[in-house]
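K.L.:
What follows is a single structure, and I will ask about it in a moment.
The values are calculated or read from the model by the stated rules, or taken from the named source; none is laboratory data. Quantities reported herein were computed from a predicted structural model and do not represent experimental measurements. A quick note on method: Cβ atoms are made from the backbone with ideal geometry, for glycine too, and the neighbour counts reach across all protein chains shown.
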Amino acid sequence: MAEFVKEYAALTPEERAREYDAAREEWERFKASGLKLNMARGKPGKEQLDVVSGIFFRMLEHDEYLSDGEDVRNYGELAGLPSARRLFADILDCKPEQVFVGGNASLQLMYDTISKGFTHGLLHSSGPWFKEGMIRWLCPVPGYDRHFRITEDFGFEMIPVPMTPNGPNMDFVESAVKDPSVKGMWCVPKYSNPQGVIYSEETIHRLASMKTAAPDFLLMWDNAYVVHEFEGEYQPFPDMLSVCAEHGNPHRVIEFASTSKITLPGAGVSCFACSVENMTYLKRLLSVQAISFDKVNQQRHVLYLRSKQRTLDLMKEHAAILRPKFRCVEETLENKIGKLNIAKWNHPKGGYFISLDAMPGTARRALHLCHQAGVTMTAAGATYPYGLDPLDSNIRIAPSYPPIGELRKAAEILCVCLRLAALEKLEG
Ligand SMILES: Cc1ncc(COP(=O)(O)O)c(C=O)c1O
């Protein structure tokens, strides 16, 4: 098909009808070919898993049962192996005593932190949050659906915060935190999910220094993509624990990370990092629920990853696989719909997603058409609290999982569906 070059809004009714018929025919053809493609979740592809499967060959040798004199096979070291704490401290640029190494999922540590606030309160809470009436939570949008599901699960009222190219809109945030019922905020500070935004220095300092009415206000600092550039060199990022301390708010932040997208999702190691006082408080609560986490897996990770530098080397191997996939999606979008003015998308250099804003009022319809044509995408609205995108516009694209041939096809189908949905909308 000859690529259409005119902006859709400028089409005459006759041109629109012709374009609709052409797009519909293309869509019917895709649909008839019985495809089953998936751009829904940010999962590493098989090639990436193959790269890191060397971790399986790292069965522990006899002399590797010991780590800093501790037998990794036994109970002990609730906060994780000292060597694993040092490794994450190296990656996050904080101190080992600020790091707690847990199980296989940072999401579980995040849920658990919120849960502890709810049932017990945090370090500076006057009591458990459940006794405080309505708790409100700041949610930069578009954002990560699983974050929103946690705060929704506890019945918090979620307040959407508009994102800017520098991070969350800080005027909005500074005004919102004057309300003492606003207890915290979700943040993905580096390569945010889904827009790939890196919070600016100014944003970081304003978050660390702002006056909050709630004394126990908490930044849930989910640094899931801390070493995850696929384009260009590693970008060092400020240690938020130090920045908060510098502004006199050392207990404001709890940072999370994991090796889910460094080694194996679901079989990696996660951590949180916080002030030493927070650590003492949280460890006391955690000691009731576990004697220790999986130190054997922690030891395998320490032996396999070794250091931040070696981890960054490994991330370059992931990048070599991911980069062409992101380029493929961006090129397809540009070639197929770049001139139609029906969508905008970002050009991330790291993380796992491309965020696309379709013509308002068309995201749901476009994704329904995708589904009918055999392409599964993250549900429309998922990037907003309660699944409600007020503009029905944002679509999260996850290019990492499918092989590149499938990915190109899936992106082409998405483009046809965006065209159809836009034409239908313009038709009124
Ligand atoms: C921002 C963000 N945080 C956390 C996770 C999940 O991390 P984990 O596997 O450590 O639970 C993801 C996965 O996509 C993510 O995008």
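K.L.:
Hand me the list of helices (runs of 4 or more DSSP H) wholly inside the range 211-314 holding 3 or more residues that are β-branched (Val, Ile, Thr) and more than 16 Å from the ligand (Cβ to nearest atom). So that I can check it myself, show each step before the final result.
P.N.:
Details: elements: 240-246, 276-289, 295-305.
Where helices (runs of 4 or more DSSP H) fall fully within the range 211-314 and carry at least 3 residues being β-branched (Val, Ile, Thr) and more than 16 Å from the ligand (Cβ to nearest atom), they are 276-289.
K.L.:
When the range 111-123 is examined, which residues are found to be among the aromatic types (Phe, Trp, Tyr) and either surrounded by fewer than 19 Cβ atoms within 10 Å (Cβ to Cβ) or within 16 Å of the ligand (Cβ to nearest atom) (or both)?
P.N.:
Pass one, the range 111-123, residues among the aromatic types (Phe, Trp, Tyr): 111, 118.
Selection gives 111 alone.
K.L.:
Keeping to the range 153-189, report how many residues are crowded, with 17+ Cβ neighbours inside 10 Å and either in the same structural domain as residue 42 (by TED's automatic domain parsing) or in contact with a strand residue (DSSP E or B) (Cβ under 7 Å, 6 or more places away or on another chain) (or both).
P.N.:
Selection size over the range 153-189: 17.
K.L.:
In contact (Cβ under 8 Å) with a residue 40 or more places away in the chain, within 24 Å of the chain's Cα centre (by Cα) and over 25 Å from residue 371 (Cα atoms): is that true of residue 72 in this structure? Step through it out loud before you land on a result.
P.N.:
On the way: in contact (Cβ under 8 Å) with a residue 40 or more places away in the chain: yes; within 24 Å of the chain's Cα centre (by Cα): no; over 25 Å from residue 371 (Cα atoms): yes.
No; evaluated as a whole, the condition is false for this residue.
K.L.:
Condition (residue is within 16 Å of the ligand (Cβ to nearest atom) and of a type in the set (Ser, Thr, Tyr)) applied to the range 386-400: is it met by at least one residue?
P.N.:
yes
This table checks each residue for (1) at pLDDT 95 or above; (2) outside the structural domain of residue 213 (by TED's automatic domain parsing); (3) touching a helix residue (DSSP H, G or I) at 6+ places or on another chain (Cβ under 8 Å); (4) surrounded by fewer than 18 Cβ atoms within 10 Å (Cβ to Cβ).
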{"site": "94", "(1), (2), (3), (4)": "yes, no, yes, no"}
{"site": "97", "(1), (2), (3), (4)": "yes, no, yes, yes"}
{"site": "102", "(1), (2), (3), (4)": "yes, no, yes, no"}
{"site": "106", "(1), (2), (3), (4)": "yes, no, no, no"}
{"site": "109", "(1), (2), (3), (4)": "yes, no, no, no"}
{"site": "131", "(1), (2), (3), (4)": "yes, no, no, yes"}
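K.L.:
Check 398, 363, 411, 373 and return the single one that is over 25 Å from the mean Cα position of the chain (by Cα) and at pLDDT 95 or above.
P.N.:
Working: 398 fails: over 25 Å from the mean Cα position of the chain (by Cα); 363 fails: over 25 Å from the mean Cα position of the chain (by Cα); 411 fails: over 25 Å from the mean Cα position of the chain (by Cα).
Testing whether each residue is over 25 Å from the mean Cα position of the chain (by Cα) and at pLDDT 95 or above leaves just 373.
K.L.:
Just give me the residues in the range 339-384 being of a type in the set (D, E, K, R) and either free of Cβ contacts under 8 Å to residues at least 12 places away in the same chain or part of a strand (DSSP E or B) (or both), in sequence order.
P.N.:
344, 357
K.L.:
When you scan the range 133-145, how many residues do you find that are surrounded by 14 or more Cβ atoms within 10 Å (Cβ to Cβ) and either away from the ligand (no atom under 16 Å from the Cβ) or free of Cβ contacts under 8 Å to residues at least 60 places away in the same chain (or both)?
P.N.:
Within the range 133-145, residues that are surrounded by 14 or more Cβ atoms within 10 Å (Cβ to Cβ) and either away from the ligand (no atom under 16 Å from the Cβ) or free of Cβ contacts under 8 Å to residues at least 60 places away in the same chain (or both) number 5.
K.L.:
So, one more: Within 12 Å of the ligand (Cβ to nearest atom), acidic (Asp, Glu) and either outside any strand (DSSP E or B) or modelled with pLDDT under 95 (or both), is that true of residue 90? Even if it seems obvious, please write down each step before you answer.
P.N.:
Values: within 12 Å of the ligand (Cβ to nearest atom): no; acidic (Asp, Glu): yes; either outside any strand (DSSP E or B) or modelled with pLDDT under 95 (or both): yes.
Considered against the rule, which asks whether it is within 12 Å of the ligand (Cβ to nearest atom), acidic (Asp, Glu) and either outside any strand (DSSP E or B) or modelled with pLDDT under 95 (or both), residue 90 comes out as no.
K.L.:
In the range 241-251, is there at least one residue being crowded, with 20+ Cβ neighbours inside 10 Å, closer than 19 Å to residue 188 by Cα and in contact (Cβ under 8 Å) with a residue 40 or more places away in the chain?
P.N.:
Yes, the range 241-251 contains at least one residue that is crowded, with 20+ Cβ neighbours inside 10 Å, closer than 19 Å to residue 188 by Cα and in contact (Cβ under 8 Å) with a residue 40 or more places away in the chain.
K.L.:
Go through the residues of the range 342-359 one by one and say whether even a single one is surrounded by fewer than 20 Cβ atoms within 10 Å (Cβ to Cβ), over 20 Å from residue 193 (Cβ atoms) and modelled with pLDDT of 95 or more.
P.N.:
no
K.L.:
Return the residues of the range 186-239 that are charged (D, E, K, R) and within 20 Å of residue 110 (Cα to Cα); say none if nothing qualifies. Don't jump to the end; show me each part of the working.
P.N.:
Step one: list which residues in the range 186-239 are charged (D, E, K, R), which gives 190, 201-202, 206, 211, 216, 222, 229, 231, 233, 239.
Across the range 186-239, the qualifying residues are 190, 216, 222, 239.
K.L.:
Can residue 6 be described as under 30 Å from residue 367 (Cβ atoms), of a type in the set (Lys, Arg) and at pLDDT below 90? Walk me through it before giving the result.
P.N.:
Numbers: under 30 Å from residue 367 (Cβ atoms): yes; of a type in the set (Lys, Arg): yes; at pLDDT below 90: yes.
So residue 6 passes the test.
K.L.:
Restricting attention to the range 36-65, and to residues there that are closer than 18 Å to residue 304 by Cα and within 16 Å of the ligand (Cβ to nearest atom), which single residue is surrounded by the most Cβ atoms within 10 Å (Cβ to Cβ)?
P.N.:
48
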